[in-house]
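**Q** Below is the structure I would like to discuss, written out as structure tokens.
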Amino acid sequence: MEKWQARGLSYVFQQTATPRLPGVENGLTSVPQFLFSVPSVFGTLEMPAWPGGPCPKCGDDMPLNMIHCRSCRELLNTDLERDSVEVPIFIPLQEIGAMIEIMPVGLFTSCPKCSQELKINRKYVGQNVQCKFCEAGFNLDPGSRNISEADVYSKCAHCEQDLRFAKKYIGVKVACRYCAGKLHIVGELTAT
């Protein structure tokens, strides 16, 4: 007999022998079983261990000393009762949106000669560029009024759609108009 102490209660395990199993050789004469004793206000309650065999609910074969069936989770010992505490229903939490930082890839500006709108990559800021419509050359100076008020563009990091936004949104957290993905626009529009 073994005694175990846990959480202020003492548990007694008493090993008993089962009759010799037919066809078992090599000196094995018994398989151990345990009696489970729990102290209560009415004295010590003893419950016989599961002797092994088919589950009463699903019929799967269960080994000795099991409390629940491995397949259907049915209580195997009829002396035990289900706990009155119900397992709560799983309610998935709303997914936390990832705030991804993006940088402006380039800007939209108009040609000083023909006034056509041009989409120019940020790597050309501070350099001389040429209009693809009238072929007039001009300096893409970041200090000029035309460039400082120009809209910028980038790709959404969530859905890869092209986004166009005013420079006032640089440094601001926004949502993509296509997928509502959360974006933080960072960085100034300077040459890379």
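The values are calculated or read from the model by the stated rules, or taken from the named source; none is laboratory data. What you see is a predicted model, and the numbers here were worked out from it, not measured in a lab. Methodologically, a virtual Cβ is constructed for each residue, glycine included, from the backbone with ideal geometry; neighbour enumeration extends over all protein chains shown.
**Q** Given the condition more than 36 Å from the chain's Cα centre (by Cα) and hydrophobic (A, V, I, L, M, F, W, C), answer yes or no: does some residue in the range 142-157 qualify?
**A** yes
**Q** Given (1) touching an Asp or Glu at 6+ places or on another chain (Cβ under 7 Å); (2) free of Cβ contacts under 8 Å to residues at least 40 places away in the same chain; (3) not aromatic (Phe, Trp, Tyr), identify the lone condition not met by residue 184.
**A** (2)
**Q** What residue, among those in the range 114-162 that are among the polar types (S, T, N, Q) and farther than 21 Å from residue 102 by Cβ, is modelled with the lowest pLDDT?
**A** The selected residue is 146.
**Q** While we're here: Kindly provide the set of residues from the range 166-192 that are modelled with pLDDT of 90 or more and touching a Pro at 6+ places or on another chain (Cβ under 8 Å), ordered by number.
**A** Across the range 166-192, the qualifying residue is only 185.
**Q** Now a separate question. Go through the range 115-137 and give me each residue that's in contact with a Pro (Cβ under 8 Å, 6 or more places away or on another chain) and crowded, with 17+ Cβ neighbours inside 10 Å.
**A** 122, 125
**Q** Step by step: first the residues of the range 30-76, then only those that are surrounded by 11 or more Cβ atoms within 10 Å (Cβ to Cβ) and hydroxyl-bearing (Ser, Thr, Tyr), then the one that is modelled with the highest pLDDT. Which residue is that?
**A** So the residue we want is 71.
**Q** Just a yes or no: is a residue in the range 103-122 part of a loop (DSSP other than H, G, I, E, B), β-branched (Val, Ile, Thr) and within 15 Å of residue 185 (Cα to Cα)?
**A** Yes, the conditions are met somewhere in the range 103-122.
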